[in-house]
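> My questions all concern the structure below.
Values quoted throughout were computed directly from the atomic coordinates according to the rules given, and no laboratory measurement underlies them. None of the values given here were measured: they were computed from a predicted structure. Cβ placement follows ideal geometry from the backbone for every residue including glycine, while neighbour counts extend to all protein chains displayed.
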Amino acid sequence: MRAILVGFVLLSSALGQTISTLAGTGVAGPGNGQMDQPYGLGIGPDGGLYVAEVGNHRISRVDVRSGKFTTVAGSLKEPYEVAFDEAGNIYFCDRLAHTISRIDAKTKAVTVVAGTGTEGYAGDGGKATAAQFRQPHSIVFAPDGKLLICDILNFRIRALDLKNGTVDTWAGTGVSGKSGDEAPIAGTPLAGPRALAVDPKGNYYLALREGNSIYRLDIRTGRMSRFAGTGEKGYSGDGESAKDAKLSGPKGVALGPDGSLFIADTENHAIRKVSPDGIISTVAGTGERGDGPDGPAQCQTGPAARSVCRPRRGSVHRRFGKSPNPRGPLANRNDSPNSQYRHRQILRRKWLQIC
């Protein structure tokens, strides 16, 4: 039985880019250090790595020093992303349950905070627990404390106000469409809103999977502009302007400490980086599927890279997985070579930095 490769990359300007194994056996399963389709990653306030395991229908915690696994929540329906509030509570998308849930930091109790459990679109302006979602996929906390949700099959980004328990549409029109080079955030269609990252100024970077592009959303002006990708599917542009590059189904974004944006270029089996000057490069992967061995980051990454996240100490985490069907459950879910986390001394070297 095969599984999905999960990986960490720590990029050091001094020593180059390397990948090494943190945890996982390479065999999909629920026990003995095994994983099955690990997807969303997040470093918790306790320093643990929290993982949404789609195939095992659980949220797991991995001790990054010992590699020990602990189940935080189970019996879920394909959880995808995790996020932490200031109190350390965990929020996650339970995609096929069409809900957003919270795990209490102290009691570990799981509570649905948005969604009725019935697939659909309804409830804007009202109580979030009475609203309907259609396969919520990714979440990120806004600077104002709201939780933004990529409601992928509704082609919208929904905003959950945790203070009053209401939900509303934040971006998207409900239909897939081209966003153009620049447009108002409100009223502009989105082609597969898949993942979000927020910078210190409160601006957002949005991965459009079917749009093969990344957009920057300027909250101050209320406008969005194409940041990376031409919209045409492909793999090109390294060393040039990110706007002229081709991406293929990007499904994850994360900001580095220097302001660089890292992109899980899923169907290109690569991690791309857009530096602060707007130049794109490949930092991991060759563009071809391989087995993702330990060693230099410029090696084959195995199954498609699905997301990246920034931990609390200046390294970049990435995970890999077989690309799901954007309009249904995951396809060929046991079709990949390995199920491992890869990293390089996450907590040991303060001089490690994203380059």
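> Please identify every one of the GluC sites (Glu not before Pro) in the stretch 70-150 that sits in a loop by DSSP and has no more than 15 other beta carbons within 10 Å of its own beta carbon.
Loop-located and lightly packed - E86, E119.
> Right, here's the next one. Quick one: 3J(HN,Hα) in Hz for the stretch 211-222, Karplus 6.51/-1.76/1.60 with θ = phi - 60°, rounded, Gly and Pro as x.
x, 6, 7, 10, 10, 9, 10, 8, 5, 5, 8, x
> Sort the following peptides by mean Cβ neighbour count (other Cβ atoms within 10 Å, averaged over residues), highest first: 47-57, 27-37, 233-243.
47-57, 27-37, 233-243
> Follow-up. Calculate the length of the line joining the C-alpha centroid of the stretch 76-90 to that of the stretch 176-192, in whole Å.
28
> With Cβ to Cβ distances under 14 Å as the rule, what net charge do the other residues near D168 carry (K, R +1; D, E -1)?
+1
> Could you pull out the trypsin sites (Lys or Arg not before Pro) across the stretch 38-74 that fall in loop regions by DSSP (anything but H, G, I, E, B) with no more than 13 other Cβ atoms inside 10 Å? Intermediate values should be presented prior to the final figure.
Numbers: sites: R58, R61, R65, K68; in loops: R65, K68.
When the trypsin sites (Lys or Arg not before Pro) of the stretch 38-74 are filtered for loop state and at most 13 Cβ neighbours within 10 Å, R65, K68 remain.
> Does the stretch 77-159 come out rounded, prolate or oblate, given a ≥ b ≥ c as the square roots of the eigenvalues of its C-alpha gyration tensor, rounded meaning a/c under 1.5 and, failing that, prolate meaning a/b above b/c?
Here the stretch 77-159 falls in the prolate category.
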